[in-house]
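Reviewing the structure listed below.
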Amino acid sequence: MELNALHAALMGISAHRELLDPLIGVAGMVRENSGPDVRVMENAERLLHFLKHGYGENALDFYIRLFHSLRLAGCEGLGDWLWDFLRYHETLYSRLVEEGKSDPALENAARRDIDTLVLLAETDCDRYIDAMKPLLGSEYAPVLAGLPRWRAAAPFDFDRLTQFYRDHGAGLFAKYRAFLWEEGRLVPVTDPDCPKPQDLLGYEHQRGQVEQNTRLMLAGRQTNNVLLFGDGGTGKSATVKSMLYLPGMEDLRLIEVEKENLTGMPDLIRSLAGRRQKFILFIDDLAFDQDDKTYSSMKTILEGTLEKRPVNVAIYATSNRRHLVRQTFADRAGDEVDTFETISEKTALAERFGLRIPYLTMNKAGYLALVDHLAAQAGIAMDPEALHAQAMTWEIRHAGRTPRVARQFVASLN
């Protein structure tokens, strides 16, 4: 295709208009912040534009800008950048495929777009340089001869892209598995601190309950919200995070929500409905004091609105408090007429979690067995009686018989 015709085809991009105007968004879609690499397509379009109108110096400027923006984005070629953008930015077409819907007009537009982008990615740099030569004076000959090249290749086509959407979806949820919900937006976590299941010891029954509930959600069935409560250091948070690495959980996504951001959760939940991925909204160390403003928000999120919770979303929370809300003796002997109602109101929140799983401190035998296991893993050769005696002394001086205390003790021996 001639460069002028390629420019005209590029101007006709419609289903993937986000490529040429990164400020365009689709309602309900989650988009990454626009970074410097969004200028890649702007630079490519400007290059073709100035070649078409015979402005050699401007074309040279945008050729260099295009090379620079590709390298800034960590890509060796325009095809590499386009492949990443098309997979990890949501478009009208990607949502259509992900939701399994049909729209012939949109599908035809998307196919034409991708065919154009393949031609653009496969255009050799020498074609641009040859087109600039007659537009520039002889003094530019050494500059043109020394211009850097980017790789001309397209690692995608329409069918391959469509299959990717069917298998993985698109956008942030296709690229990342863990997120933070902060101030009304999702922040991807590129390297989440999630333990592998084999790293967790003890509490097999509790972990099994969490896994069973999560697998029901992966199967598309309605599941319970989950509250893991009990002593600190017993592995409540680790249990939730470890779900990401269990076999068959490839479509699972974990979104951690701070208590201060609970008021924005209804909007988040609405945006997740209908997606192929399944989502755990994880609230760690959840607890409320008297008159806490976020208490009523949490009650409403769990149960209390006309909106049905999507089948692909569940709320998992951990807490050191069984009932989540601090109770005082004044609650039990206060001046209210019905003290029972006061106490019931404060325990009602925990009861809105369909699955409540206790994590209590280990008994002595379980604690010492865990110490033996961890010591063997660490290669510590020590008389068992001496090891156990020191482990019990350590436990008395610390927070109790928990996996965290056992790990800290064994670490102190190294």
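The values are calculated or read from the model by the stated rules, or taken from the named source; none is laboratory data. The model shown is predicted, which means the values in this text are computed figures rather than measured ones. Here the Cβ is made from the backbone with ideal geometry for all residues, glycine too, and neighbour counts use every protein chain on show. Remember, those area values only see protein heavy atoms, side chains included, never the ligands or the DNA or RNA. Shrake-Rupley method; radii C 1.70, N 1.55, O 1.52, S 1.80 Å.
Note on the chain: Lys pairs 8 or more places apart or on different chains, Cα atoms under 23 Å apart, count 27.
Compute the long axis of helix 39-53 from its Cα atoms, compare it with the longest principal axis of the Cα atoms of the chain, and write down the angle in degrees, 0 to 90, nearest 10. Helix 39-53 sits at roughly 10 degrees to that axis.
Legend: calculated FRET efficiency, residue 55 to residue 198, from the Cβ-Cβ distance at R0 = 45 Å, rounded to 0.05, equals 0.15. Over the chain, with a Gaussian network built from C-alpha contacts below 10 Å, which listed residue (192, 247, 310) shows the highest mean-square fluctuation? Fluctuation is largest for 247.
Rolling a 1.4 angstrom probe over the chain with all protein chains present gives an accessible area of which 49% lies on carbon and sulfur atoms. Taking a ≥ b ≥ c as the square roots of the eigenvalues of the Cα gyration tensor of segment 56-169, is the shape rounded (a/c under 1.5), prolate (a/b larger than b/c) or oblate? Cα axes put segment 56-169 in the prolate bin. Per-residue ellipticity at 222 nm from helix content only, as computed over the chain with -39500 (n - 2.57) for each DSSP H run of at least four residues, stands at -14500 deg cm²/dmol. For segment 214-322, the square roots of the Cα gyration tensor eigenvalues, ordered a ≥ b ≥ c, give a/c of at least 1.5 with a/b no greater than b/c, which places it in the oblate category.
Projecting the Cα atoms of 282, 223, 40 onto the dipole axis of the chain, where Lys and Arg carry +1 and Asp and Glu carry -1 at the beta carbon, places 223 farthest toward the positive end.
Remark: segment 159-296 carries a charge dipole of roughly 820 debye about the Cα centre, counting +1 on each Lys and Arg Cβ and -1 on each Asp and Glu Cβ.
Determine the shape class of segment 235-289: with a ≥ b ≥ c the square roots of the Cα gyration tensor eigenvalues, call it rounded for a/c under 1.5, and otherwise prolate if a/b is greater than b/c, oblate otherwise. The shape class here is oblate.
Any idea how far the Cα center of segment 382-399 sits from the one of segment 53-103, in Å? Value for the Cα centre distance between the two parts: 60 Å.
Only Lys, Arg, Asp and Glu carry charge here, each on its Cβ (+1 for the first two, -1 for the last two); on that basis the chain has a dipole of about 740 debye about its Cα centre. Checking (1) 90, 60, 35; (2) 70, 51, 35; (3) 90, 66, 56 against the coordinates, the calculated Cα extents along the principal axes in Å falls under label (1).
Restricting attention to the chain, close to 15% of DSSP beta bridges with both partner residues there are antiparallel.
Taking Lys and Arg as +1 and Asp and Glu as -1, the other residues whose beta-carbon sits under 14 Å from that of residue 193 total -1.
The candidates 18, 182, 76, arranged from most to least accessible area with a 1.4 Å probe in the full protein assembly, appear as 76, 182, 18.
Principal-axis analysis of the Cα atoms of the chain puts helix 104-122 at an angle of about 70° to the longest axis.
Here residue 163 and residue 294 are evaluated by their C-beta separation; at R0 = 45 Å the FRET efficiency comes out at 0.55. Can you give me the angle between helix 56-72 and the longest principal axis of the chain, using Cα atoms only, in degrees from 0 to 90, rounded to the nearest 10? With both axes taken from Cα atoms, the answer is about 20 degrees. The stretch between residue 386 and residue 115, if pulled fully straight at 0.36 nm per residue, gains 90.4 nm over its current Cα-Cα span.
With all pairs of separate Cα atoms included, segment 129-225 yields a Kirkwood hydrodynamic radius of 19.8 Å.
Distant-in-sequence amide contacts of residue 357, defined by a placed amide H-H separation under 5 Å and a gap of 5 or more residues or a different chain, comprise 227, 228, 229.
Remark: the chain carries 49 Å² of accessible area per residue (probe radius 1.4 Å; ligands, DNA and RNA excluded).
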